[in-house]
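Scroll down for the structure; my scribbles are underneath it.
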Amino acid sequence: MRRPIDAIVTGFTRNAELARHAFAPLRQLRQEGLVRSIRYVTWSSDEIDALVAPIAAMADVETTRLPMPAAYGNARQKGVTWQVRNLDAALSLVPEDDALVLKLRPDFVIDASFLKSKLTTFETFSEIDTAADAFGVSLPLPPFSRKIWIPWADANQPFFYEDAAFMGLKRDLKLLVPQDLENRLGILDDPACGTFVHVVRWGSVMVPRFPIFARYLQEFGGFLNDIAYRRTLIPVLLDDPFFWHLIVANAWILWTGFHIDCGKTGELLFFANNVNKDADWNKLRKLKTAPPYDDVARWRVATRANMGLLPAVDCLYGRLTDDAWPRAMFTLAHPDVPLATRAQISLVLSHYETGALSAVEDAFYEKLARHHRNWAAQTVAQSA
């Protein structure tokens, strides 16, 4: 018996034409019998009635509107809370834990052929190799029963993965609703830490099995989402031994727990709010596509996973649009990060809970905090 497939769509867009484009491939695959249901879940707020109306008018889309839950803090902090609670509500409408669930937003357009390919090959690409090892070392596996598809992930910012669109079994996606989420959002007091909205969702899932990332989440304030800052930060990170333990652990999680594929340029389009702050939302042709969807080929070439591991890590944003880089980390003999070095890092990672990395971990976060303080002081001085 074929696994049931459901699509859940959360959030809203200010452009009705964009919403129709986003739902069109889902409706096509539902008509073909591949997708069982399309569920649109959002809040029962008067402020978005006009935005929800075009979707609610679609007879083959089940629209559910719920009371908006309490959320506190600034716009980003409230946004993360609402997004996670919205996902939780949408998943609760899918009956079976082993159902395949595609999660999208109404401002994310996915090519019907690409989507059909992912849905029909899920059983193949999602199988987790429970016998996988890192150069003979047994490392924990992510807590999923099947791999989760995501369009992109970052090589040098662990857990900076796409969260607008992903696909997996309901039982696995339910893990993306951490109950202590609100307690972790203090870092978003700093608007330059915007990538934490991604990191906190994916990272919270992994910390129980990968405690090396607990402090990473707690002290993420040093990883500012500021291009000028990252130009000074990346050289500092690349020269630090503990950072490379984070990099290898992140690659292991991606290799064993995720399937990364952004398709070809034009197959996936995300009209994100943050790249359209000043756009005329009444005109779809005026809206910009967020990276890496605007030029997937360029991001893929920049990774150069067949030539080495450093090119992706050395980028200001090490955006990965396929599985090549994490696979190369554990299977290819690149001289820029020798196999012996990666094997030694993997061995130390397997002993993390013994305190084997305590000294270098303390030194890393002290250096990171110092670098952040110096940058902040220079910024204040320059603006005075």
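The values are calculated or read from the model by the stated rules, or taken from the named source; none is laboratory data. Computed from a predicted model, the values in this text were never measured in an experiment. In this analysis, Cβ positions are derived from the backbone assuming ideal geometry, glycine residues included, and neighbour counts consider all displayed protein chains.
When Ala272 is tested against (1) in contact with a helix residue (DSSP H, G or I) (Cβ under 9 Å, 6 or more places away or on another chain); (2) under 17 Å from Ala165 (Cα atoms); (3) crowded, with 16+ Cβ neighbours inside 10 Å; (4) among the small types (Gly, Ala, Ser), only condition (1) is not met.
Mind telling me which of the residues Thr42, Thr64, Thr124, Thr81 ends up being at pLDDT below 95, of a type in the set (S, T, N, Q) and outside any loop (DSSP other than H, G, I, E, B)? Before the answer, list the steps.
Numbers: Thr42 fails: at pLDDT below 95; Thr64 fails: at pLDDT below 95; Thr124 fails: at pLDDT below 95.
Sole residue among the options that is at pLDDT below 95, of a type in the set (S, T, N, Q) and outside any loop (DSSP other than H, G, I, E, B): Thr81.
Residues that are in contact with a helix residue (DSSP H, G or I) (Cβ under 7 Å, 6 or more places away or on another chain) and β-branched (Val, Ile, Thr) within region 214-264 comprise Thr232, Val236, Ile247, Val248, Ile253, Ile260, listed in sequence order. For region 222-235, which positions are of a type outside the set (A, V, I, L, M) and either assigned to a loop (DSSP other than H, G, I, E, B) or touching a residue at least 12 places away in the same chain (Cβ under 8 Å) (or both)? Scanning region 222-235 gives Gly222, Phe223, Asn225, Asp226, Tyr229, Arg230, Arg231, Thr232. Give the residue that is surrounded by the most Cβ atoms within 10 Å (Cβ to Cβ), with candidates limited to residues of region 315-344 that are part of a loop (DSSP other than H, G, I, E, B) and more than 18 Å from the chain's Cα centre (by Cα). Going through the qualifying residues, I end up with Val337. Scanning region 294-314 for residues that are surrounded by fewer than 22 Cβ atoms within 10 Å (Cβ to Cβ) and among the small types (Gly, Ala, Ser) returns Ala297, Ala302, Ala305, Gly308.
For Ala24, state whether it is touching a residue at least 24 places away in the same chain (Cβ under 8 Å), of a type in the set (A, V, I, L, M, F, W, C), assigned to a helix (DSSP H, G or I) and more than 30 Å from Leu185 (Cα to Cα). Yes: the conditions hold for Ala24.
Residues in region 55-77 that are without any contact (Cβ under 8 Å) to a residue 24 or more places away in the chain and surrounded by fewer than 12 Cβ atoms within 10 Å (Cβ to Cβ): Ala57, Ala59, Ala70, Ala75. For Phe108, are the conditions met, namely being over 18 Å from Leu66 (Cβ atoms), of a type outside the set (Gly, Ala, Ser) and either touching a helix residue (DSSP H, G or I) at 6+ places or on another chain (Cβ under 7 Å) or without any contact (Cβ under 8 Å) to a residue 40 or more places away in the chain (or both)? So Phe108 passes the test.
Between Val94, Val52, Val84, Val80, the distinction of being crowded, with 18+ Cβ neighbours inside 10 Å and under 19 Å from Glu17 (Cα atoms) belongs to Val52 only. When the helices (runs of 4 or more DSSP H) confined to region 160-221 are screened for residues that are among the hydrophobic types (A, V, I, L, M, F, W, C) and under 21 Å from Gly73 (Cβ atoms), those reaching at least 2 such residues are found at 196-206.
Residue under question is Glu366, and the condition is that it be on the phi < 0 side of the Ramachandran plot, out of contact with any helix residue (DSSP H, G or I) (no Cβ under 9 Å at 6 or more places or on another chain) and either part of a loop (DSSP other than H, G, I, E, B) or at pLDDT 95 or above (or both); does it hold? Steps first, answer last, please.
Working: on the phi < 0 side of the Ramachandran plot: yes; out of contact with any helix residue (DSSP H, G or I) (no Cβ under 9 Å at 6 or more places or on another chain): yes; either part of a loop (DSSP other than H, G, I, E, B) or at pLDDT 95 or above (or both): yes.
Considered against the rule, which asks whether it is on the phi < 0 side of the Ramachandran plot, out of contact with any helix residue (DSSP H, G or I) (no Cβ under 9 Å at 6 or more places or on another chain) and either part of a loop (DSSP other than H, G, I, E, B) or at pLDDT 95 or above (or both), Glu366 comes out as yes.
Just checking, how many residues over region 31-41 are hydroxyl-bearing (Ser, Thr, Tyr) and in contact with a helix residue (DSSP H, G or I) (Cβ under 6 Å, 6 or more places away or on another chain)?
Step one: filter region 31-41 for residues hydroxyl-bearing (Ser, Thr, Tyr), giving 37, 40.
From what is left, the residues that are in contact with a helix residue (DSSP H, G or I) (Cβ under 6 Å, 6 or more places away or on another chain) are 40.
Of the residues in region 31-41, 1 are hydroxyl-bearing (Ser, Thr, Tyr) and in contact with a helix residue (DSSP H, G or I) (Cβ under 6 Å, 6 or more places away or on another chain).
Among the residues of region 124-144, those identified as polar (S, T, N, Q) and free of Cβ contacts under 8 Å to residues at least 40 places away in the same chain are Thr124, Thr130.
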